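Below is one structure, written out as structure tokens; comments come after it.
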Number of protein chains: 2
Amino acid sequence: MNGAESLVHTLLGCGVEVCFANPGTSEMHFVAALDRIPGMKCVLGLQENVVTGMADGYWRMMEKPAATLLHCGPGLANGLANLHNARRARSGIVNCVGDQATYHRIFDAPLTADTEGLARTVSQWVRTSTKAKDVGADAAAAVQAAMTSPGQVATMVLPSDTCWDEGGVVAAPLPVPAVPQADPHAIRNVARILREKKNVLILLGGKALREGAQAYAWRASQATGAKLMAEGSNGRTQRGQGRLPLERVPYPADVAINALKWVEHLVLVNAKAPVGFFAYPGKPSKHYPESAQVHVLTRYEHDAEAALRALCEELNAPAVPMPDVGVRPERARGAPSPEGLAQTVAALMPENAIIADESVSYGRGFFPQTVAAPKHDWLQITGGAIGCGLPLATGAAVGGGGRRVINLQADGSAMYTVQALWTQAREKLPVTTVILSNRKYQILLGEYQNVGANPGRTAMDMLDLGNPDIGWVKMAEGMGVEAAQASTLDQVGDLMAQSFSRPGPFLIELLV
Amino acid sequence: MNGAESLVHTLLGCGVEVCFANPGTSEMHFVAALDRIPGMKCVLGLQENVVTGMADGYWRMMEKPAATLLHCGPGLANGLANLHNARRARSGIVNCVGDQATYHRIFDAPLTADTEGLARTVSQWVRTSTKAKDVGADAAAAVQAAMTSPGQVATMVLPSDTCWDEGGVVAAPLPVPAVPQADPHAIRNVARILREKKNVLILLGGKALREGAQAYAWRASQATGAKLMAEGSNGRTQRGQGRLPLERVPYPADVAINALKWVEHLVLVNAKAPVGFFAYPGKPSKHYPESAQVHVLTRYEHDAEAALRALCEELNAPAVPMPDVGVRPERARGAPSPEGLAQTVAALMPENAIIADESVSYGRGFFPQTVAAPKHDWLQITGGAIGCGLPLATGAAVGGGGRRVINLQADGSAMYTVQALWTQAREKLPVTTVILSNRKYQILLGEYQNVGANPGRTAMDMLDLGNPDIGWVKMAEGMGVEAAQASTLDQVGDLMAQSFSRPGPFLIELLV
């Protein structure tokens, strides 16, 4: 057995069932092993940031890692931005990066790069295998690292001789460390704060945004008067009927600071204390009051639902029904608006839809209009590295078991990883992409005006996406995805409804 | 004056005239400064690997650095693969990477990343400015580094407060170190080898492939019987009438080893001794005989033309006319073949065309058929990180002063950075793209078969680009570039001729 075969057997034995791939020459033995050994579904992406973003989306839905197959340092480099987002989403991924043979590295052939150095910038775990006999054990350790709560990016660097040499040894799965439990002192302390103090905000992030944890958070809140909010960017939020209509910490600095100015006690549940996405001259980095006290109920790796349940017990908080989120809205009509689009999505989405949201500036108002939609999962861009939405939607569809994915997608960001459409077509994935075609980097125009000026010609050359306008219907059709343009909410609603009733991907360019 | 303004003034004062850009929030003060201070041409790319690849193409034609404007660590990450290629081409580039404000970094906001760590993987020079007053001086040092022979990737990391704070100081250009001259002992030694030894190969790379250096290399070769070759991948080779019909070291290991097996003395001129692009089981890493002696005439940073001139003087090599490269070929007709396409390109290309070649496997035979074309520059992918061709063509057109650029482009590689077409349309650049649409990763199919197997279904899922076929005409039109499909050499020739006679970009999908 060669190293590559030991790798495939070990990954399969550890429960890794999907490999998102863009291979190159140094990975041919791995490709050959995947071909010979049945069991791994291989999904090709035509650029590596598509590959890594798909693995992120897959984890978010499946909570088990996919493998990625990447080609040397530059192939990894192409996928780093979505690994950055995955790291911020705390997704587990096993990257398999082929590289120069151990003995060939000293010759500095053209594709030779600092692969480990690149990997370290986004990975919690990095290892370069040096012998075929180690590849299996290294793979088992990588899967263990990826699955360690809350989920980690693990990167194996695989010199090609470690794959083609004989002597591979299949490794058994390593035990995944149990999800750690919150410190009982922290639970008692938070219970005391909730009982004794006013103006308490419980900030939920990570797995505290799943249905089970939400119910306990709501109970604690109802028993004590503490307010609940979600972090600004979250990997996966369970929403809709039966879930909490949580507000998120707003993105714009002034709005966030204003929204949090009342807070005297901030309780963190798988969350961090809110800070600015960026700094701005004369504005504070922290968006919560300097005088507020911060209390950590659970860190990212802790079991949020168990901690919130224990908190309810400590508080003797009675069971309460979840809040009434109201009646599902009707479709909106007429000219596009963020609220109208959100309302239309809420009116039409199938039960258990997955929303992949990279709507950037246009989508800041999507949340209130969708609280009364059917149950759904809402996936956000977590690390601010744009180009996340299309791959995330694609990977979520691979891991979604047939659930419809609705990708609400800004146009500028969509262009970063537009190649994902091709994978959607090839895999016939149930993804409806709605391109919010405003033909500019709207968020940057806003930021530019914050700098205190109206953009002149040179600035507009860098902020405007018109001249020429991107023809999204042609782009999608060029990659095998059916598409149509809409300029009203009526049209986008009709096209959405139509796409939900048919298998496979569809793209709607909404002129906004 | 704020730091951003000092940056723009300093870059302009140092002769940097073009900024390839994809800005974000942390760069808005830089964008505002570019808007207020006239003189910098700003060219937007819709993904950062387009941005950095354009800067590479610009340097190769202009031999002066462009700036790039990139957004935080992930924005830099997206552009690393083409910076890797630029580093291998020894191109000078000044990257300006905006980042979190110095005091905001500790809060680990979502976009915070190891920007310096990412930069170091591809840059010969990296500096993070920490105060507005230093930005000008840091920029002058960056330009100096970029222009230091043979050309270097210099990366400035610019925390946003260093851009918006007042106190910026414009720095004067720093002296660029003179191009170092070859060691006189090396020249005498190589002269002795050429006079006394048989089976000598003079291997030319870098600027030894410019017309002036070629003439001296030819003279030395004619006087001594030494053979001349070019390295396998070169940043810019001057070719066509009046230039040498140089063969390159072949890419496939067996072919290269066979082509070099006669060599007893290897003389390197801005080149390195040939090694495999990759290692293969049982094949040597070095592609020249172990017994061959290696002699360095010039290192990468040395003045190759001066060294070859001095070599001719040392040899008393008489002036000789350049070799007759023959008659310009006629257009080929009928079914597409690599040779027929190359012949057609040679027959039709305008004088002083620029060929941006990322033809990968299909293009290995392009060189012999194009030696008798009019004078032209041939730019290759130098670092093996695919996705180089479209951006390189675009940047070369920006720096080419109206010269026609012909991008001979593999389809799989084209998909990596397809967004470059939009920039070609916006800037109305004279680029003719010929997509070699074979609908597979042909080079990998070959490599796979070297591994010893015929690909099964799983392997083909990762090597085949069909299912669905990419519609290149629609893709191009979606980005504002006129396009047409060709399935014969007659058609591709007609379309090429038509595109050469009109301004602006055009794309031809050639079904091969």
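The values are calculated or read from the model by the stated rules, or taken from the named source; none is laboratory data. For clarity, every value in this text was computed on a predicted model and none was experimentally measured. All Cβ positions, glycine included, derive from the backbone under ideal geometry; neighbour counts span all protein chains shown.
Here is how the numbers come out for the structure above:
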| quantity | calculated |
| --- | --- |
| Residue within the stretch B:161-181 that is closer than 29 Å to residue A:74 by Cα, out of contact with any Gly (no Cβ under 9 Å at 6 or more places or on another chain) and not polar (S, T, N, Q) present | no |
| Filter result for the condition that a residue is over 19 Å from residue B:128 (Cα atoms), at pLDDT 95 or above, in contact with a helix residue (DSSP H, G or I) (Cβ under 7 Å, 6 or more places away or on another chain) and part of a helix (DSSP H, G or I), over B:39, B:57 | B:57 |
| Hits in the stretch B:464-480 - residues which are surrounded by fewer than 24 Cβ atoms within 10 Å (Cβ to Cβ) and not charged (D, E, K, R) | B:465, B:466, B:467, B:468, B:471, B:473, B:480 |
| Selected residue (only one of A:385, A:373, A:414 is in contact with a helix residue (DSSP H, G or I) (Cβ under 9 Å, 6 or more places away or on another chain), within 14 Å of chain B (Cβ to nearest Cβ), surrounded by 24 or more Cβ atoms within 10 Å (Cβ to Cβ) and assigned to a loop (DSSP other than H, G, I, E, B)) | A:385 |
| Boolean, residue A:108 is surrounded by fewer than 24 Cβ atoms within 10 Å (Cβ to Cβ), touching a residue at least 40 places away in the same chain (Cβ under 8 Å), facing chain B (nearest Cβ under 9 Å) and acidic (Asp, Glu) | no |
| Answer from A:239, A:219 - the residue that is modelled with pLDDT of 95 or more and in contact with a Phe, Trp or Tyr (Cβ under 9 Å, 6 or more places away or on another chain) | A:239 |
| Those residues of the stretch A:230-249 which are among the hydrophobic types (A, V, I, L, M, F, W, C) and within 19 Å of the chain's Cα centre (by Cα), in sequence order | A:230, A:246, A:249 |
| So residue A:408, is it within 10 Å of chain B (Cβ to nearest Cβ) and either of a type outside the set (Phe, Trp, Tyr) or touching a strand residue (DSSP E or B) at 6+ places or on another chain (Cβ under 7 Å) (or both) | no |
| Filtered residues of the stretch B:141-168 (kept if within 30 Å of the chain's Cα centre (by Cα) and part of a helix (DSSP H, G or I)) | B:141, B:142, B:143, B:144, B:145, B:146, B:147 |
| Residues located in the stretch A:472-497, provided they are within 14 Å of chain B (Cβ to nearest Cβ), of a type outside the set (Lys, Arg) and without any contact (Cβ under 8 Å) to a residue 24 or more places away in the chain | A:477, A:478 |
| Single unsatisfied condition, residue B:25 versus (1) polar (S, T, N, Q); (2) at pLDDT 95 or above; (3) in contact with a strand residue (DSSP E or B) (Cβ under 9 Å, 6 or more places away or on another chain) | (2) |
| Tally, over the stretch B:255-299, of residues that are in contact with a Ser or Thr (Cβ under 8 Å, 6 or more places away or on another chain) and more than 10 Å from every other protein chain (Cβ to nearest Cβ) | 4 |
| Those residues of the stretch B:113-138 which are surrounded by fewer than 23 Cβ atoms within 10 Å (Cβ to Cβ) and either among the charged types (D, E, K, R) or within 14 Å of another protein chain (Cβ to nearest Cβ) (or both), in sequence order | B:114, B:116, B:117, B:120, B:124, B:126, B:127, B:131, B:133, B:134 |
| Flag for residue B:182 being assigned to a loop (DSSP other than H, G, I, E, B), out of contact with any Phe, Trp or Tyr (no Cβ under 8 Å at 6 or more places or on another chain) and in contact (Cβ under 8 Å) with a residue 60 or more places away in the chain | yes |
| All positions within the stretch A:347-368 that are assigned to a loop (DSSP other than H, G, I, E, B) and of a type in the set (A, V, I, L, M) | A:349 |
| Where residue A:456 falls short, out of the listed (1) facing chain B (nearest Cβ under 8 Å); (2) within 21 Å of residue A:358 (Cβ to Cβ); (3) out of contact with any Phe, Trp or Tyr (no Cβ under 9 Å at 6 or more places or on another chain); (4) at pLDDT below 95 | (2) |
| Test: residue B:59 is on the phi < 0 side of the Ramachandran plot, more than 16 Å from the chain's Cα centre (by Cα) and of a type in the set (Phe, Trp, Tyr) | no |
| Selection within the stretch A:274-299 - surrounded by fewer than 17 Cβ atoms within 10 Å (Cβ to Cβ) and either modelled with pLDDT under 95 or not in a strand (DSSP E or B) (or both) | A:281, A:282, A:283, A:284, A:289, A:290, A:291 |
| The one condition in (1) more than 7 Å from chain A (Cβ to nearest Cβ); (2) farther than 23 Å from residue A:415 by Cα; (3) of a type in the set (A, V, I, L, M, F, W, C) that residue B:444 fails to fulfil | (1) |
| Test result for residue A:201, at pLDDT 95 or above and assigned to a loop (DSSP other than H, G, I, E, B) | no |
| Number of the condition not met by residue B:108 [criteria: (1) of a type in the set (Asp, Glu); (2) farther than 28 Å from residue B:13 by Cβ; (3) under 29 Å from the mean Cα position of the chain (by Cα)] | (3) |
| Residue that is nearest to the chain's Cα centre (by Cα) [pool: residues in the stretch A:300-346 that are small (Gly, Ala, Ser) and not in a helix (DSSP H, G or I)] | A:337 |
| Every residue from the stretch B:23-35 that is more than 8 Å from every other protein chain (Cβ to nearest Cβ) and in contact with an Asp or Glu (Cβ under 8 Å, 6 or more places away or on another chain) | B:33 |
| Candidates A:53, A:57, A:45, A:75, filtered to the one that is within 24 Å of residue B:119 (Cβ to Cβ), of a type in the set (Gly, Ala, Ser) and touching a residue at least 60 places away in the same chain (Cβ under 8 Å) | A:53 |
